[in-house]
Amino acid sequence: MISQFFVLSQRGDNIVFRDYRGEVQKGSAEIFFRKVKFWKGDEGEDAPPVFNADGVNYVHVKVAGLLFVATTRVNVSPSLVLELLQRIARVIKDYLGVLNEDSLRKNFVLVYELLDEVIDFGYPQTTSTEVLKSYIFNEPIEVEAARLPPLGPAAMFMQGTKRMPGTAVTKSVVANEPGGRKREEIFVDIIEKISVTFSSSGYILTSEIDGTIQMKSYLTGNPEIRLALNEDLIIGRNGSSVYDYRNSAGAGAVILDDCNFHESVHLDNFDLDRTLMLVPTDGEFSVMNYRMTQEFKPPFRVNALIEEAGSLKAEVILKIRADFAPSITANTISVHMPLPKYTTRVSFEFEPGAIVGGSETYSAGKAHIFTGVTCQYHERSWTCEHDLHNSNVQCFKASGKVLANSKEIQDIQSIPSTNAKGSLSGIQMASQNTYDSKPM
Amino acid sequence: MAGTKRGSENLPCEVSPGPPIEYKDKRKDAVKKVIAAMTVGKDVSSLFTDVVNCMQTENLELKKLVYLYLINYAKSQPDLAILAVNTFVKDSQDPNPLIRALAVRTMGCIRVDKITEYLCDPLQRCLKDDDPYVRKTASICVAKLYDINAELVEDRGFLDALKDLISDNNPMVVANAVAALAEIQENSSRPIFEITSNTLTKLLTALNECTEWGQVFILDALSKYKAADAREAENIVERVTPRLQHANCAVVLSAVKMILLQMELITSTDVVRNLCKKMAPPLVTLLSAEPEIQYVALRNINLIVQRRPTILAHEIKVFFCKYNDPIYVKMEKLEIMIKLASDRNIDQVLLEFKEYATEVDVDFVRKAVRAIGRCAIKLERAAERCISVLLELIKIKVNYVVQEAIIVIKDIFRRYPNTYESIIATLCESLDTLDEPEAKASMIWIIGEYAERIDNADELLESFLESFPEEPALVQLQLLTATVKLFLKKPTEGPQQMIQVVLNNATVETDNPDLRDRAYIYWRLLSTDPEAAKDVVLAEKPVISDDSNQLDPSLLDELLANIATLASVYHKPPDAFVTRVKTAVQRPDDEEYPDGSESGYSDMPANAVDSAAAPSSSSNVPHAATRQAAPAPPAPAAPVPDLLGDLIGLDGAIVPVDQPATPSGPPLPIVLPASTGQGLQICAQLTRRDGQIFYSMLFENNSQIPLDGFMIQFNKNTLGLAAAGPLQVPQLQPGASATTLLPMVSFQNISPGPPSTLLQVAVKNNQQPVWYFNDKISLQVFFAEDGRMERADFLETWKSLPDSNEIAKDLQSVVINSVDVTVDRLAASNVFFIAKRKNMNQEVLYLSAKAPRGIPFLIELTGVVGIAGVKCAIKTRNPEMAPLFFEAMEALLK
């Protein structure tokens, strides 16, 4: 089982270090960091999340710019360790409100107390914030939430960073409000990562939605919550290729390829009326994860055209069209375009009339055209046809309304059950979409 | 402070001898500061006494801090740590369950003998505590104690207590007990934790209720269970399948492992098909998780599709790379795409590959190009399409793409000879851009192989010859062979001059033994019989198949049994990387090999021999194997030492069996010391396990080179012992070791003459000469489990045998200290006790054993307890075995 657990900063500083079994030498953190920093395998320069060096197995994940690492000498289940590392990060965030180097250092006593309860002799015990509450006695020292990393594009593009907007959620789940009054709130987010590949002629080649319903509860008295999903929800495709759009069952029905649920969810009525019942535990958790490849109308269409303008220059025309109802607006859109390494200069301009000004509001129904992302190169070894593999459009919406871009989230409602002691003061929905367009 | 209040509610208020309340917070802050200093690596052990003084507090927060300190420093201050024992023992009886658990948990973490002594009683109590939190902490503590002092755990009956906890009504306790037992079993050679159908039921029930982590412990433990029949397997699978729906990837993967293992037993194809269908969506869902988990999932899927390609046959699209996947995920996806590519989806796949081949990441691009070539080799009907994609890529003229394409095209030529040679002209256009050895060598091979179709082959080769001395060995070897081919195909003046230059360069001016040897062989061949040279050099080559990154079936089996573990991520068997601290220390220092340059290349000649016959893999294998394949002259390299040929050729039964290495008991005797074996050390001994005879062997490679291709042969011997299967030893890297259990059969090749215990063994590998060593046959491994005789039988047999069949010997050095112990020990080796009587002060024991071929041995042991010297008399139909028998008895009684 796990021998040591440690958290390293980006510079390799030891922020937290806990040895559970004493079978791996003390310098392992340093050895690990050097290995990762100067990784040179036969396959790329990124260290894989699991590797072995001198008989010690290192398993690591990156969370919020920190490296969460576990070492072991035995043949453990790596997915267990990886999941555990993610959970530890989440539990710590639940307790501290903010997860960064500063908050960890300020709260190291609490973090060690947590680690002692979460792992015993290398075996994970519990990672439920709710359960941990009865064993943890230290109180978090609040860290200024103002210095939150901005919700910039970089954060959005990191897979798995499914964070919520606003400062409300940077609050620790255990700390009380000043004045002793607890806020009766629950946050339910539906976060969908939509991956769509467009052909150069604008057709959709592949489309996929990875969705998760996240919940963070600050309700007292553990009321039971019911979450009703579309009644015509179908789970699992029967036979046939996943991508065979022609056979998609009756219009209107939402077909999920697969889904899974948090362990606190009771599925007694799920088959009957698609209702999830749960008593939300403290802390942030995903109620349900789902995956679908059913045909849907993507909220954006992306079209890219590449022209060679001279021997060392190429011009890219990128058209992005918002394809959703006019009542909805999308904020914080950013477009990400990978370019060859030897690109020396990039300039871009907007077509007159385009509303996009970098990260402004994007309203529906209009086509916006970025013209001429002009690239210049050192040498002419770069050819047109393989240029713009991917452009990336991202939409982030936190307007309090459900973004109606795919059917199954339309009807999701949160119904507080009658025995809830508090009232629901704020239900927040967010939708996060990532686009992936490939001109072919 | 709500928490603190809650914690202290149950405490009697006035026990605290601690300081007045106003000091408490100061104390806490002080200890916090100490801990802070400790965590940044400062040595604060000098404060030990002061910190330990704070231990007696009812404030849990402070107590935890002190405990944290203790765990860190108790080892360095063992004498002072004793001060804490009293408080620990008291805390373990505290009314607050949190404190009881905390005390036991912390004591288990302190690896100081004196504290461990005091741990037993509290632990015993806590294992039976009313509170499940205490019980679950205590069960893990047993594993801790086992790690410190295994004997203590066994003596104090903790193992039984732990086994009782499997039936506990709290699933958390069950899960921890299972985890602890599984760990103890792993470190013990005795069977401790065996899952019966009874425990199976209990654990499957607990599975539904425990935490996600507990589910993983239980699933992993259950994966060791072998279902009795298909029906049981189906039942298990039915109970486990709902776990596939779990949000925790570890649970899903462990469940997949369970199902895959049980599927082997299920005979109904419908059920299997159904299961495959059920497993696909959860496996695909794993790819929506964090990239780190995706990586682990992909490595596992790679194994699964090799065994059951149907599971994901329709899902190839989910393995298409996303532009923002980390490189390690992309590489694995590519690998799986190749495995899933079929005639049906190849067009789609090729489009993707082509896209990847124009990405920015060089390593990824290279792999994508190779992937196209591997698809061409794998799918005959798609080969043409693959080649046209490759040609398109070559036209882009990006240097590394071209080089990579040439390397794979060479493999395609080998796979489909005389089919696509029309593209050679296009390849030759890029000749001068080649700067990587592998690409160069591939191009040269193509020129040599098709010299008769390339008009200016001699010019092309000549352009390479100028830089011959500077080229890497790989290119030199290819140049040499290609020039010889050219000469044999076009024996004109130009090539003749070239060959002179090359042979001169390769024999006189090189210090590479491989190059030199090959050049001499060609030279001699050409000068003695050019026709023979033609037969050898231009011989028909066997067609290759795409076997790169394809795992050996036995390794695949082992890895599939280890799905969801690190082994499945590394694609290495667990014993290849799991090194316990104790063994890791023993690693011998690198022995300086006398001739460094020699050893560096020494795997090459061996490969040359083998690869001439074996199909060469197409890519991603060390260059040597691939590039050597074509030109290797099989004839001259063939001579293998005669004796080995004789030995190995005896029965030729060389088929792989998978015999997982089992944990060894006492160290095996060394039969071939490293000094004799050029760094290879072999320890071996005959053992009997489960009624079968094995040759338990340990190989240690202390040389500088990896050793592989191990084979073993036994010379004729008295009992006709021979290997029942081939030796199963993986490639041994320098410094690595491997154990194996070789199943043996007896009475295969019996040597005539008087019985002898001599066992002559020959071991060979691909890199070294044949090693011979002598071992001893111990007759006791032959004693059969069913050798017990009834008293009456014994008497009758004894009487029926003539007295001439009775042989006696005094075993001088043997002492019987206790009759019972001796009888037990003998029984463990299948020598069974029948009766005993006392004659004066002597003890007389009657025993029986069943020797090979079912011949009973009747034994009479006479001796005085405590005094050396035992008389052993036997009566048997087969008295010539007596000397061997006495030797065995002596060994058993010692």
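Does residue B:150 meet the test of being within 14 Å of chain A (Cβ to nearest Cβ), under 34 Å from the mean Cα position of the chain (by Cα) and farther than 21 Å from residue A:131 by Cβ?
When the stated conditions are applied, residue B:150 does not pass them.
Going residue by residue through the range A:69-85, is there one that turns out to be of a type outside the set (Gly, Ala, Ser) and under 22 Å from residue B:61 (Cα atoms)?
no
Give the residues of the range B:62-72 that are open to solvent by less than 10 Å² (accessible area, probe 1.4 Å) and facing chain A (nearest Cβ under 9 Å), sorted by residue number.
Passing the criteria: B:65, B:67.
Of all the residues that make up the range A:70-110, how many are over 22 Å from residue B:186 (Cα atoms) and open to solvent by less than 30 Å² (accessible area, probe 1.4 Å)?
The total comes to 19.
On the basis of being closer than 25 Å to residue A:81 by Cβ, open to solvent by 10 Å² or more (accessible area, probe 1.4 Å) and hydroxyl-bearing (Ser, Thr, Tyr), does residue B:254 make the cut?
On the way: closer than 25 Å to residue A:81 by Cβ: yes; open to solvent by 10 Å² or more (accessible area, probe 1.4 Å): no; hydroxyl-bearing (Ser, Thr, Tyr): yes.
Criteria not met by residue B:254.
Run residue B:321 past the list (1) part of a loop (DSSP other than H, G, I, E, B); (2) within 13 Å of chain A (Cβ to nearest Cβ); (3) open to solvent by 20 Å² or more (accessible area, probe 1.4 Å) and report the number of the one that doesn't hold.
Going through (1) part of a loop (DSSP other than H, G, I, E, B); (2) within 13 Å of chain A (Cβ to nearest Cβ); (3) open to solvent by 20 Å² or more (accessible area, probe 1.4 Å) one by one, residue B:321 breaks only (3).
Take the range B:548-562 and flag every residue that is out of contact with any Leu (no Cβ under 6 Å at 6 or more places or on another chain), within 12 Å of chain A (Cβ to nearest Cβ) and hydrophobic (A, V, I, L, M, F, W, C).
B:561
Go through the range B:342-374 and report how many residues are within 12 Å of another protein chain (Cβ to nearest Cβ) and more than 36 Å from the chain's Cα centre (by Cα).
Here the count works out to 8.
Condition check: open to solvent by 40 Å² or more (accessible area, probe 1.4 Å), touching a Gly at 6+ places or on another chain (Cβ under 9 Å) and touching a residue at least 24 places away in the same chain (Cβ under 8 Å). Does residue B:745 satisfy that?
Judged against the criteria, residue B:745 is a match.
Please find, within the range A:74-133, the residue that is farthest from residue B:134 (Cα to Cα) out of those that are within 11 Å of chain B (Cβ to nearest Cβ) and among the acidic types (Asp, Glu).
A:83
Return only the number of the condition from (1) modelled with pLDDT under 90; (2) under 24 Å from the mean Cα position of the chain (by Cα) that residue A:88 does not satisfy.
Single failed check for residue A:88: (1).
Touching an Asp or Glu at 6+ places or on another chain (Cβ under 8 Å), farther than 30 Å from residue B:191 by Cα and at pLDDT 80 or above: which single residue out of B:673, B:706 fits that description?
Checking each option against the conditions leaves just B:706.
When you look at residue B:795, is it assigned to a helix (DSSP H, G or I) and touching a helix residue (DSSP H, G or I) at 6+ places or on another chain (Cβ under 7 Å), yes or no? Show your work before the answer.
Values: assigned to a helix (DSSP H, G or I): yes; touching a helix residue (DSSP H, G or I) at 6+ places or on another chain (Cβ under 7 Å): no.
Judged against the criteria, residue B:795 is not a match.
Looking at B:297, B:289, can you tell me which residue is of a type in the set (Gly, Ala, Ser), open to solvent by less than 10 Å² (accessible area, probe 1.4 Å) and either in contact with a helix residue (DSSP H, G or I) (Cβ under 8 Å, 6 or more places away or on another chain) or facing another protein chain (nearest Cβ under 7 Å) (or both)?
After applying the criteria, what remains is B:297.
What residue, among those in the range A:132-155 that are assigned to a helix (DSSP H, G or I) and touching an Asp or Glu at 6+ places or on another chain (Cβ under 9 Å), is modelled with the highest pLDDT?
Checking each candidate, the answer is A:132.
Any chance the range B:244-254 includes a residue that's touching a residue at least 12 places away in the same chain (Cβ under 8 Å) and away from every other protein chain (no Cβ under 13 Å)?
Looking for residues that are touching a residue at least 12 places away in the same chain (Cβ under 8 Å) and away from every other protein chain (no Cβ under 13 Å), one finds none in the range B:244-254, hence no.
Among the residues of the range A:298-308, is any in a loop (DSSP other than H, G, I, E, B), surrounded by fewer than 21 Cβ atoms within 10 Å (Cβ to Cβ) and more than 14 Å from chain B (Cβ to nearest Cβ)?
Residues of the range A:298-308 that are in a loop (DSSP other than H, G, I, E, B), as a first pass: A:298-299.
Now narrow it down to the ones that are surrounded by fewer than 21 Cβ atoms within 10 Å (Cβ to Cβ): none.
No, the range A:298-308 contains no residue that is in a loop (DSSP other than H, G, I, E, B), surrounded by fewer than 21 Cβ atoms within 10 Å (Cβ to Cβ) and more than 14 Å from chain B (Cβ to nearest Cβ).
Are any residues in the range B:709-736 assigned to a loop (DSSP other than H, G, I, E, B), of a type in the set (A, V, I, L, M, F, W, C), within 22 Å of the chain's Cα centre (by Cα) and within 20 Å of residue B:747 (Cα to Cα), and if so, which ones?
B:724, B:727
If we scan the range A:262-279, do we find a residue that is surrounded by 16 or more Cβ atoms within 10 Å (Cβ to Cβ) and modelled with pLDDT under 80?
no
At the interface with chain A (Cβ under 7 Å from one of its Cβ atoms) and out of contact with any His (no Cβ under 7 Å at 6 or more places or on another chain), is that true of residue B:305? Lay out the reasoning, then the answer.
Details: at the interface with chain A (Cβ under 7 Å from one of its Cβ atoms): no; out of contact with any His (no Cβ under 7 Å at 6 or more places or on another chain): yes.
No: the conditions fail for residue B:305.
Looking at this structure, is residue A:112 within 23 Å of residue A:24 (Cα to Cα) and either small (Gly, Ala, Ser) or not in a helix (DSSP H, G or I) (or both)?
The answer is no for residue A:112.
Against the conditions (1) more than 19 Å from residue B:465 (Cβ to Cβ); (2) surrounded by fewer than 21 Cβ atoms within 10 Å (Cβ to Cβ); (3) among the polar types (S, T, N, Q), where does residue B:403 fall short? Just the number, please.
(2)
Answer yes or no as to whether residue A:6 is under 15 Å from residue A:85 (Cα atoms), open to solvent by 10 Å² or more (accessible area, probe 1.4 Å), within 11 Å of chain B (Cβ to nearest Cβ) and in a strand (DSSP E or B).
no
Residue by residue through the range B:514-565, note down the ones that are assigned to a loop (DSSP other than H, G, I, E, B), hydrophobic (A, V, I, L, M, F, W, C) and closer than 28 Å to residue A:80 by Cβ.
From the range B:514-565, those assigned to a loop (DSSP other than H, G, I, E, B) are B:529, B:538-552, B:562-565; that's our starting set.
Adding the requirement that they be hydrophobic (A, V, I, L, M, F, W, C) leaves B:538-539, B:543-544, B:551, B:563-564.
Within the range B:514-565, B:551, B:563, B:564 qualify.
Using the structure shown, decide if residue B:237 is away from chain A (no Cβ under 14 Å), among the aliphatic types (A, V, I, L, M) and without any contact (Cβ under 8 Å) to a residue 24 or more places away in the chain.
In short, no.
Sort through B:474, B:479, B:461, B:427 and tell me the only one that's at pLDDT 85 or above, part of a helix (DSSP H, G or I) and touching a Phe, Trp or Tyr at 6+ places or on another chain (Cβ under 8 Å).
Numbers: B:474 fails: touching a Phe, Trp or Tyr at 6+ places or on another chain (Cβ under 8 Å); B:461 fails: touching a Phe, Trp or Tyr at 6+ places or on another chain (Cβ under 8 Å); B:427 fails: touching a Phe, Trp or Tyr at 6+ places or on another chain (Cβ under 8 Å).
After ruling out the rest, the residue left standing is B:479.
When you scan the range A:19-55, how many residues do you find that are more than 9 Å from every other protein chain (Cβ to nearest Cβ) and in a strand (DSSP E or B)?
Total satisfying the criteria: 1.
With B:119, B:80 as the choices, which residue is free of Cβ contacts under 8 Å to residues at least 60 places away in the same chain, open to solvent by 10 Å² or more (accessible area, probe 1.4 Å) and either touching a Phe, Trp or Tyr at 6+ places or on another chain (Cβ under 9 Å) or outside any helix (DSSP H, G or I) (or both)?
When all the criteria are applied, what remains is B:80.
Do we have residue A:21 as more than 23 Å from the chain's Cα centre (by Cα), closer than 25 Å to residue B:75 by Cβ and among the basic types (Lys, Arg) here? Quick ask: steps written out before the conclusion?
Working: more than 23 Å from the chain's Cα centre (by Cα): yes; closer than 25 Å to residue B:75 by Cβ: yes; among the basic types (Lys, Arg): yes.
Taking the combined requirement at face value, the residue satisfies it.
The values are calculated or read from the model by the stated rules, or taken from the named source; none is laboratory data. All values derive from a computational prediction rather than experimental measurement. So basically every Cβ, Gly included, is an ideal-geometry build from the backbone, and we count neighbours across all protein chains shown. Protein only, heavy atoms only, side chains kept; ligands, DNA and RNA dropped before computing areas. Shrake-Rupley method; radii C 1.70, N 1.55, O 1.52, S 1.80 Å.
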